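> For reference, the structure I am asking about is given below.
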Amino acid sequence: MTTSGSLPLTLRVAGRRVVVVGGGHVAARRARALLDAGADLTVVSPTVTAALAELAERGSIRWEQRGYAEGDLDGAWLVQTATADAETDDRVAADAEARQIWCLKGGDPDRATAWAPAVARVDDVLIAVSGGGDAGRATSLRDGVAAALQAGELPLRHRTHHPEGFVALVGGGPGDAGLVTARGRRLLAEADVVVVDRLAPTSLLEELSPDVEVIDVGKRPDHHPVPQDEINALLVEHAKRGRVVVRLKGGDPYVFGRGGEERQACEDAGVHVEVVPGVTSAISVPAAAGIPVTHRGVAQGFSVVTGHEGLGALPHDRSHTLVLLMGISRLAATVQELVAAGHDPDAPAAVVESGWTDAQRVTVGTLATIAGRAAEVGARAPAVTVVGDVVTLSPHWTSATR
């Protein structure tokens, strides 16, 4: 079949009479789509599916419980025929042609005067794909385009500013761009401004359009070139200009990411803000080294803290995993504090640097030896330290490392 000589259009059928001739599953699918579009729908068929019967009982459609008859198309703007009886379908199509009514002809696109595309909606984007009469091909293409839009692989940016801008606090995960959520990538595809952290998956920035403004506010240990209050002000300022602002952060915005402060600043300024969770490094970076933070028979719980404060009150049991973030520069002092607080110096421990990146490195030892071993190899941030018996489950743990 060829669609040459056809003109792609979208029909506004709301409140207009549309007739479906047939009561099987094809007719039922078309009926649902027409009802969603607001059509004044009549179904003509001696029998119908349970779904159509229910719609008729509720009064959503009119069901003429008989075969097709002269005059059924009177006043109609559009007709779908799908009776699985070629003679009846041909008759409906001929009557529609005589009355200048567009006809969708089920199973016979060559003799139709209208074709229904495969349709999907992603946010406010309507995707409609016509496969030249090949419904399977059209569906596959539609699904591919929808999936690419949902994953942020195709641009979703509005070419005009939003009436009201908004801020999305997007967790970028532990570093690998493939670990960003689909929602996060979609918002990046819409962004006018991206305010990015040092530990965010910055390779995603290469996918942005050249006119997207990228603002680097990355913090390093003991060096914060852009204070938090200025970051908050940037988010609010750009959103109030009607821009889509993505705050791209490493890990999860709410796990030592100051996302709560940024959300509060936006809400206090009357700016709409959305939080998109990310894969936190507290769990994912140990996993990259083969260390589960919980494991049946080994560890039933875990605590996540920074390596700066609150260490004395942590559980001392080796079956309770400790995950220390942002503390590699003072690891020796942290170890001393833990041991002084009653933690077993023989507890297995590991330092995982740059998890989920090509630079990942794992150093293992015990609580008593881990700081020295990390210093020997020159361990640097970003790094996560894990203390507890779960470390022995890692392939990096051998008898020689004890």
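> Considering 329, 303, which residue is surrounded by 14 or more Cβ atoms within 10 Å (Cβ to Cβ), assigned by TED's automatic domain parsing to the domain that holds residue 394, more than 16 Å from residue 389 (Cβ to Cβ) and under 37 Å from the mean Cα position of the chain (by Cα)? Quick ask: steps written out before the conclusion?
On the way: 303 fails: more than 16 Å from residue 389 (Cβ to Cβ).
On inspection, the qualifying residue turns out to be 329.
> How many residues are closer than 22 Å to residue 258 by Cα and buried (at least 17 other Cβ atoms within 10 Å of the Cβ) when one looks only at region 193-210?
10
> Being of a type in the set (A, V, I, L, M), in a loop (DSSP other than H, G, I, E, B) and within 21 Å of residue 256 (Cα to Cα) is the requirement here; does residue 314 meet it?
yes
> Considering only residues of region 317-335 that are part of a helix (DSSP H, G or I) and not hydrophobic (A, V, I, L, M, F, W, C), which is nearest to residue 377 (Cα to Cα)?
For region 317-335, the residue satisfying everything is 329.
> Further, regarding this structure: Could you count how many residues in region 192-212 are under 18 Å from residue 225 (Cα atoms) and in a strand (DSSP E or B)?
Here the count works out to 3.
> Could you identify the single residue in 31, 94, 53 that is buried (at least 21 other Cβ atoms within 10 Å of the Cβ) and in a helix (DSSP H, G or I)?
Numbers: 94 fails: buried (at least 21 other Cβ atoms within 10 Å of the Cβ); 53 fails: buried (at least 21 other Cβ atoms within 10 Å of the Cβ).
After applying the criteria, what remains is 31.
> Check residue 297 against each of (1) farther than 22 Å from residue 368 by Cα; (2) in contact (Cβ under 8 Å) with a residue 12 or more places away in the chain and name the one condition it does not meet.
The one condition residue 297 does not meet is (2).
> Does region 5-28 hold any residues that are assigned to a loop (DSSP other than H, G, I, E, B) and surrounded by 20 or more Cβ atoms within 10 Å (Cβ to Cβ), and which are they?
Step one: filter region 5-28 for residues assigned to a loop (DSSP other than H, G, I, E, B), giving 5-16, 22-24.
Within region 5-28, 22, 23 meet the criteria.
> Counting only residues that are assigned to a helix (DSSP H, G or I) and buried (at least 16 other Cβ atoms within 10 Å of the Cβ), how many does region 97-124 have?
Within region 97-124, residues that are assigned to a helix (DSSP H, G or I) and buried (at least 16 other Cβ atoms within 10 Å of the Cβ) number 1.
> Could I ask something else about it? Just checking, does region 129-142 include any residue being among the β-branched types (Val, Ile, Thr), modelled with pLDDT under 95, crowded, with 17+ Cβ neighbours inside 10 Å and assigned to a strand (DSSP E or B)?
yes
> Go over the candidates 362, 387 one by one and state the one that is in contact (Cβ under 8 Å) with a residue 60 or more places away in the chain and within 17 Å of residue 311 (Cα to Cα).
Values: 362 fails: within 17 Å of residue 311 (Cα to Cα).
The conditions single out 387.
> Taking region 24-80 as the search range and keeping residues that are of a type in the set (S, T, N, Q) and out of contact with any Lys or Arg (no Cβ under 6 Å at 6 or more places or on another chain), which one is nearest to residue 111 (Cα to Cα)?
So, considering only residues that are of a type in the set (S, T, N, Q) and out of contact with any Lys or Arg (no Cβ under 6 Å at 6 or more places or on another chain), the one nearest to residue 111 (Cα to Cα) is 45.
> Would you call residue 378 among the small types (Gly, Ala, Ser) and surrounded by fewer than 20 Cβ atoms within 10 Å (Cβ to Cβ)?
yes
The values are calculated or read from the model by the stated rules, or taken from the named source; none is laboratory data. Bear in mind the structure is a predicted one, so any value in this text is a computation, not a measurement. Backbone-built Cβ (ideal geometry, glycine too); neighbour counts: all protein chains shown.
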